[in-house]
Structures are given as C-alpha cells and as structure tokens.
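**Q** I have a structure I would like to understand better, so I am pasting it below and will then ask my questions one at a time.
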Amino acid sequence: MSKKRIFYIGFFVVLVLSFFVVLAKVIPGFTHTNTPPISRVQPFAFLNQNGDTVTEKNMQGKVVAVNFFFTTCKGICPRMNNNMRSLYDQFKSEPDFMIVSHTCDPEIDSVARLKRYSDSMHVNPAKWVFLTGRKDSLYNMARFSYKIDDPANNRRNDTDDFLHTQFVALINKKGDVIQIYDGLKPSELHQLAGRVEKLLKE
C-alpha cells in the first residue's frame, strides 16, 4: 500500500472521529442514545411539601430529574438547586417533565419546612416536588434505586449515616434511570437539559 493511500485512509479516519466528537459536544446526550438503563425506579411513598403522598406512580409517563439535598445545607445544596432552577425554568411549561428533590435530613426537613423552602424558590409544587419521609427509605432510594450514592456508604447505625451528594439522576417516561449528572457542573446540566428535550419528544 502506498504512503499516499495510507495518508488518505488516516485522514478519513481522523475526519470521521472529529465529526462524532463535534456532534457529541453540539448535541447534548448524543453519545448516550443506546446506553442501557442504569437502574429502575423502585416503589416508594413519601410526603411532598403540601403533605400529599407521592409514589413512583406520580412519575410514570414523565421525564424526571431527581436529586437529594437538605434545607440547612450551606455547601453544595444551594449551588446544586440554583443550577436545577435553570432546568426548571427551561421546562416548567412541559406537562411531561418534573423535578423531584428528596431531603437527606428528614428529622429537620418536615413537610412544613419543605413548604417554606418551596415557596422561597417560587416554583410550581406540581412541577418541582420536595419529598420527606423515613430516613432509611430515602437513603435506600438514593443508593439502590437512583444510584446516586454508593451503597457502601451505608452505616450499620442509622444515626451515623448521612447522605450528601451533588448527583442528579435522569429518569425516562418508562421509569428507567438512564443517566447520572453532576449537579454542580453547568456543562453537565446543559447535557442534562439536552437529554430531557430529546426524551420529551419520544
């Protein structure tokens, strides 16, 4: 094979690879099209900021972004939820989209406290749901259902266990956990928004 032919083949390969790299950057979620689900939303029952029971059935047929936070957090939680706010503003008019935020600190974050927090965010409680419940049930959802925290972090003594994660799980309309994003990185939230837009059309 001549050097000229090798050069052209190499040039073509580089061109194709560059094309896919550009697509991956320009079209958020492009590289995840055929990625198998990470997990599936397991049955749950928690109380929202209005004191109503919310279960996995409330998420059926919707594209859902899920995270965990606590109202007294002074570190990553305000930054994460401020980033989530941009996602909310972008899709708040979409009937098949919602954000579900679970408290990591149910002993402090009562229904009333979550209501005050929700009101301070000036969000539609039907579109951005804040949940509280039993600590072990909440943590099990994070670790075994949404896969946004390592199950190995679970302590034998429940009082010593504390969940603190900036990761956001994206759920499709079938209830599959399809991708995990870092809620502190605007670039990943941009990718998340692109994937949400695509899932809403499916």
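**Q** What does the charge dipole of the range 75-120 about its Cα centre add up to, to the nearest 20 debye, if the Cβ of each Lys and Arg holds +1 and the Cβ of each Asp and Glu holds -1?
**A** In total the dipole reaches around 160 debye.
**Q** 5 Å is the cut-off here: which amide hydrogens, built 1.01 Å from N in the peptide plane, fall below it relative to PHE167, excluding neighbours closer than 5 in sequence?
**A** Here GLY183 satisfy the definition.
**Q** State the extension gain, in nm to one decimal, for the chain segment bounded by ASP89 and THR35, taking 0.36 nm per residue of separation less the distance between their alpha-carbons. Mind dumping the intermediate values first?
**A** On the way: separation 54, 0.36 × 54 = 19.44 nm, distance 2.73 nm.
Separation in residues times 0.36 nm, less the Cα-Cα distance, equals 16.7 nm.
**Q** A further question on this structure: Taking amide H positions as placed 1.01 Å from N in the peptide plane, with prolines and chain starts having none, which residues 5 or more places from ARG40, or on another chain, fall under 5 Å of its amide H?
**A** Result for ARG40 returns VAL177.
**Q** Once amide H atoms are placed 1.01 Å from N in the peptide plane, what residues at a sequence separation of 5 or more from PHE68, or on another chain, have their amide H within under 5 Å of its amide H?
**A** For PHE68, whose amide H was placed from the backbone, the distant partners under 5 Å are HIS102.
**Q** Something else now. In this model, which of LYS62/LYS115; LYS135/LYS173; LYS74/LYS173 are farther than 30 Å apart at the alpha-carbon?
**A** LYS74/LYS173
**Q** Apply the Karplus curve 6.51 cos²θ - 1.76 cosθ + 1.60, θ = phi - 60°, to the phi angles in the range 171-176 and return the couplings in whole Hz, x for Gly and Pro.
**A** 10, 8, 5, 8, x, 8
**Q** Could you run the Karplus curve 6.51 cos²θ - 1.76 cosθ + 1.60 with θ = phi - 60° over the range 133-144 and give me ³J(HN,Hα) per residue in whole Hz, x for Gly and Pro?
**A** x, 5, 4, 5, 5, 4, 5, 5, 5, 4, 8, 10
**Q** Report the charge-dipole magnitude of the range 46-202 in Debye, nearest 20, computed about the Cα centre from +1 at each Lys and Arg Cβ and -1 at each Asp and Glu Cβ.
**A** 240 debye
**Q** Which of rounded, prolate, oblate describes the range 36-138, given a ≥ b ≥ c as roots of the alpha-carbon gyration tensor eigenvalues and a/c under 1.5 marking rounded, otherwise prolate only if a/b is larger than b/c?
**A** On the way: a/c = 1.38, a/b = 1.10, b/c = 1.25.
Rounded.
Each reported figure results from applying straightforward, stated rules to the coordinates on display, with no laboratory input. As the structure is a computational prediction, the values presented were derived from the model and not from experiment. Because the Cβ atoms are built from the backbone with ideal geometry, glycine has one as well, and the counts that use them run over all protein chains shown.
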